[in-house]
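Down below is the structure, laid out as structure tokens.
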Amino acid sequence: ADNQPAPVATPAVPALGGPKKKRSPNRLIVEEALNDDNSVVALSQAKMEELNLFRGDNVLLKGKKRKDTVCIVLADENLEDGKIRLNKVVRKN
């Protein structure tokens, strides 16, 4: 009997042209807010359900420069699923 290790099964590597890995659901593209309230952000109803959020919930926004901001979430029917509406003041925080 030879002392060769048993071959190890390796998972198949997906083709480069295959479906891309889905980004995390809480990563959103920012749009200009329609209201002047500095403590409110708007999400689509479908995105709120996906993230288990309800109207009036507090959310913690994490920015690129390690900044955290707390806002109140509201539903917006005219907004796409991958977007969030933020006031200019909230974006600067």
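Read the figures in this text as sums done on the coordinates, not as results from a lab. Owing to the predicted nature of the structure, the values given are computational and were not obtained by experimental measurement. FYI the Cβ positions are ideal-geometry reconstructions off the backbone, even for glycines, and counts take in every protein chain you see.
A simple rule links phi to the HN-Hα coupling: the Karplus curve 6.51 cos²θ - 1.76 cosθ + 1.60 with θ = phi - 60°, which for segment 86-93 gives 10, 5, 4, 5, 5, 5, 6, 6 Hz, with x for Gly and Pro.
According to the Kirkwood relation over distinct C-alpha pairs, the hydrodynamic radius of segment 42-88 is 11.1 Å. Ordering 33-44, 62-73 by mean Cβ neighbour count within 10 Å, with the highest value first, yields 33-44, 62-73. Peptide packing: for 83-89, 46-52, the average count of neighbouring Cβ atoms within 10 Å per residue gives the ranking 83-89, 46-52, highest mean first.
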